[in-house]
1. What does the charge count around residue 118 come to, taking other residues whose C-beta lies under 14 Å from its C-beta (Lys +1, Arg +1, Asp -1, Glu -1)?
2. Run down the aspartates and glutamates and flag those whose C-alpha is under 14 Å from the C-alpha of residue 156, throwing out any fewer than 8 positions away in its chain.
3. With r as the distance between the Cβ atoms of residue 189 and residue 38 and R0 = 35 Å, compute the FRET efficiency 1/(1 + (r/R0)^6) and round to 0.05.
4. Which order do you get for 12, 104 if you rank them by accessible area with a 1.4 Å probe, largest at the top?
5. Relative to the compact globular guide of 2.2 N^0.38 Å, what is the alpha carbon radius of gyration of segment 60-107, as a ratio?
6. At 0.36 nm per residue, and after removing the present C-alpha to C-alpha distance, how many nm does the segment from residue 31 to residue 77 gain when stretched out fully?
7. What whole-number value in Å² describes the accessible area per residue of segment 65-145 for a 1.4 Å probe?
8. Any chance you could run the full-extension gain for residue 151 through residue 125? It's 0.36 nm times the residue separation minus the Cα-Cα distance, nm to one decimal.
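The values are calculated or read from the model by the stated rules, or taken from the named source; none is laboratory data. Please read these numbers as outputs of a predicted model, since none were measured by experiment. In this analysis, Cβ positions are derived from the backbone assuming ideal geometry, glycine residues included, and neighbour counts consider all displayed protein chains. Heads up: the accessible areas ignore ligands, DNA and RNA and are worked out on the full protein's heavy atoms, side chains in. Shrake-Rupley method; radii C 1.70, N 1.55, O 1.52, S 1.80 Å.
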Amino acid sequence: MQANHVVKRKITTYDIVITALFAAICYVATNFRIDIPTPLGKTMIHCGNVFCLLSAMLMGGLRGGIADATGLTLFDLTGGWATSAPSTFVMRFVMGLVCGSISTAGRKKEKRTLWMIISAVTGMATYVVLYLSYSFLKGIVLGNAVGTVLVDVASKAATSVPAGCVSVVVAVVLYPFFYKALTAAGYYQKRA
């Protein structure tokens, strides 16, 4: 008779430090931004998306999602976007979870670059859809006219989609360099 063993994955101090490091990088990168006014407020183009994708691609879904959500939520809380912090936490966590899960699945397969492209595109597309859907629902719930809400969402889409495409390209280009550095530092051997 064979005993069933449950393998518990523990979170190590090393996991916490690396996740916090990537959260800090996401936070700092988001400060490099251009604010853009829209009919119902403002949006922005920022460098944080690059590092959100990169952290998820490097650390996997759960750790990447936590780093993304923490870094960008802290930015919202300290950067004048506090009312958006709860939705940012959820959307960024889901973005990192999707991107990181796909990249982890493809990391050990052939055509790793293709898998990283797919993970980055899927993660960014997930975020853009969540962000635009949230913007639409928020506008409607606040009692704005549907036409005004649609113009607001269209202006946000006009900035989010091209910025997301650039973020995907930059993250995929940077991935091999960061992966090599983390491998040399023993990150993948020390993970729980």
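1. After counting each charged neighbour, the total is +3.
2. Those aspartates and glutamates meeting the cut-off are 35.
3. 0.15
4. Result of the area sort, largest leading: 104, 12.
5. Here the Cα radius of gyration is 1.20 times the empirical estimate.
6. Full-extension gain reported as 15.3 nm.
7. That works out to 49 Å² per residue.
8. Working it through step by step, the gained length comes to 7.3 nm.
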